[in-house]
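These notes concern the structure reproduced below.
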Amino acid sequence: NGEVSAIGIASPGPLDPHTGTILATPNIPEWQNFPLAPNLSKHFNVQVYLDNDANLAGLAEWKFGAGKGHSNLVYLTISTGIGGGVIVHDRLLQGFRGLGGELGHMIIDPEGPPCGCGKNGHVESFCSGPAIARYVNERIRAGETSTLQPDVNLSAAQVADAARAGDSLAISAFARAGYYLGISVANFLAIFDPSILIFGGGVSQVGDLLFKPFEESLRKHTFHPHYLDNLTIAKAALGDDAGLLGALALARLKMGAQ
């Protein structure tokens, strides 16, 4: 009948989906501990549901995209940061506090480089776009030769262009990221045992530069080869619409619709 019965919201975290509260927003400090869903619910007089944007992108890929038909799924977006969404037995993993699925902040080397969150050695510290560019800058300043110049504004896309042109440092930067991504995903397989891995985000678009070393590392570090049997590795299908469609899926699931 055209009436709005519920609203779904995909937001950067950390947040509490159980209360609809934004816990921290580095780019909007005024919204720290802000009860976004309750305020919108009061304003619009409908139920409002809130969750992490990466969680909801994973939910969307499961419901509408590359993961459709799979009951156990791990979604990973690799971009300026790294986010994840996990489906276990057809349910979005949220955890006791609603903070589950923060795959980009799994520690893979506590002595590793700093993460944007302030901790060290996270998946994001090694495999995100800024991490790849930072590594190249560090190696050039340490004396390695490259067609690239040290630049605080260097992007992973520029590193990818140099790698495709044969720059050995740029190639090694993606090989390093792929190596650590393989270690990370080997951990995810041991914890979640998915039937499909879905990769989204701009950095994932570089293709073999990242994924050939990733696959080698994944085979090397996976606890048992049986985890890899019939495992599908796929590109995300929904692009920039994933968060929006995930918010829709969240609201519909909460309201009991299919």
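With the highest mean first, a sort of the peptides 36-43, 225-232, 178-185, 190-197 on other beta-carbon atoms found within 10 angstrom per residue produces 178-185, 190-197, 36-43, 225-232. Within the straight-line cut-off of under 20 Å between alpha carbons, the lysines reachable from K42 are K254, sequence neighbours fewer than 8 places apart in one chain being disregarded. When the GluC sites (Glu not before Pro) in the range 140-218 are filtered for DSSP coil states and for at most 16 other beta-carbon atoms within 10 Å of their beta-carbon, the remaining sites are E144.
From the gyration tensor of the Cα coordinates in the range 84-208, what semi-axes in whole Å does the equivalent ellipsoid have, largest first, with each one equal to sqrt(5λ)?
Over the Cα atoms of the range 84-208, the semi-axes work out to 30, 16, 12 Å.
Find out how many positive minus negative residues lie around D51, taking Lys and Arg as positive, Asp and Glu as negative, among other residues whose Cβ is under 15 Å from that of D51. After counting each charged neighbour, the total is +1. Backbone phi angles across the range 157-167, fed through the Karplus curve with coefficients 6.51, -1.76 and 1.60 (θ = phi - 60°), yield HN-Hα couplings of 5, 5, 5, 5, 4, 5, 5, 5, 7, x, 5 Hz in residue order; Gly and Pro are listed as x.
Calculated on the alpha-carbon coordinates, the convex hull of the chain measures out at 138 cubic angstrom per residue. The DSSP beta bridges internal to the chain are antiparallel in roughly 45% of cases.
Of V203, A251, Y135, which is farthest along the charge dipole of the chain in the positive direction, counting Lys and Arg as +1 and Asp and Glu as -1 at C-beta? Positive-most Cα among the choices belongs to A251.
Readers should treat all values here as calculations from the given coordinates under stated rules, not as data from a laboratory. Note that the coordinates shown come from a computational prediction; the quantities given were computed from them, not determined experimentally. Don't worry about glycine lacking a Cβ; one is built from the backbone with ideal geometry, like all the others, and counts go over all protein chains shown.
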